[in-house]
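The values are calculated or read from the model by the stated rules, or taken from the named source; none is laboratory data. For clarity, every value in this text was computed on a predicted model and none was experimentally measured. Please note: Cβ atoms are built from the backbone with ideal geometry, for glycine as well, and neighbour counts cover all protein chains shown. Side chains are part of the model used for accessible areas, which takes the heavy atoms of the whole protein and leaves out ligands, DNA and RNA. Shrake-Rupley method; radii C 1.70, N 1.55, O 1.52, S 1.80 Å.
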Amino acid sequence: MKIKKTIKVTQKHIEEGQPENCTKCAVALAVREQFSDYVPSISVIYDEDDYNHYKIDLHNSDGNFKTKFSKYKTVNIFIDKFDRDFKSTELKPFEFELTAYKV
């Protein structure tokens, strides 16, 4: 099973999101709107270059879904900035494609 949707991170998500909260950050709130039957979770994967890479997982009573998303660098930079200083004027609404796969 494969589900593909456009995720729009709006100014409202940015304002209502909670930094360093894997299920309530701005990106997770936006994902939840498009995947309302799932609980999105954002997790960080640290690497040797001190650059954080993030992944988006979806969960529901049917199980777990892995995802791939477009604009990978844009999403990663946004989450990193959001977690560090979510009131930054650099945080602007954006959109990306998210594809979920049943695990």
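In segment 1-100, counting only strands (runs of 3 or more DSSP E) that sit wholly within it, the ones holding 1 or more residues that are modelled with pLDDT of 95 or more and of a type outside the set (Asp, Glu) span 2-9. Residues in segment 53-92 that are touching a Lys or Arg at 6+ places or on another chain (Cβ under 7 Å) and open to solvent by 60 Å² or more (accessible area, probe 1.4 Å): Glu90 alone. Among the residues of segment 93-103, what is the count of those that are of a type in the set (Phe, Trp, Tyr) and open to solvent by 70 Å² or more (accessible area, probe 1.4 Å)? Total satisfying the criteria: 1. Screening Val75 on (1) closer than 12 Å to Phe96 by Cα; (2) aliphatic (A, V, I, L, M); (3) touching a Ser or Thr at 6+ places or on another chain (Cβ under 7 Å) shows it passes everything except condition (3). In segment 12-47, the residue that is nearest to the chain's Cα centre (by Cα) out of those that are open to solvent by 80 Å² or more (accessible area, probe 1.4 Å) and closer than 15 Å to Phe82 by Cβ is Lys24.
Taking residues in segment 41-70 that are closer than 14 Å to Ile7 by Cβ and polar (S, T, N, Q), and partners anywhere that are in a strand (DSSP E or B) and at pLDDT 90 or above, the pairs with Cβ atoms closer than 6 Å and at least 6 places apart or on different chains are Thr67/Ile56; Thr67/Leu98; Thr67/Ala100; Ser70/Phe96; Ser70/Glu97.
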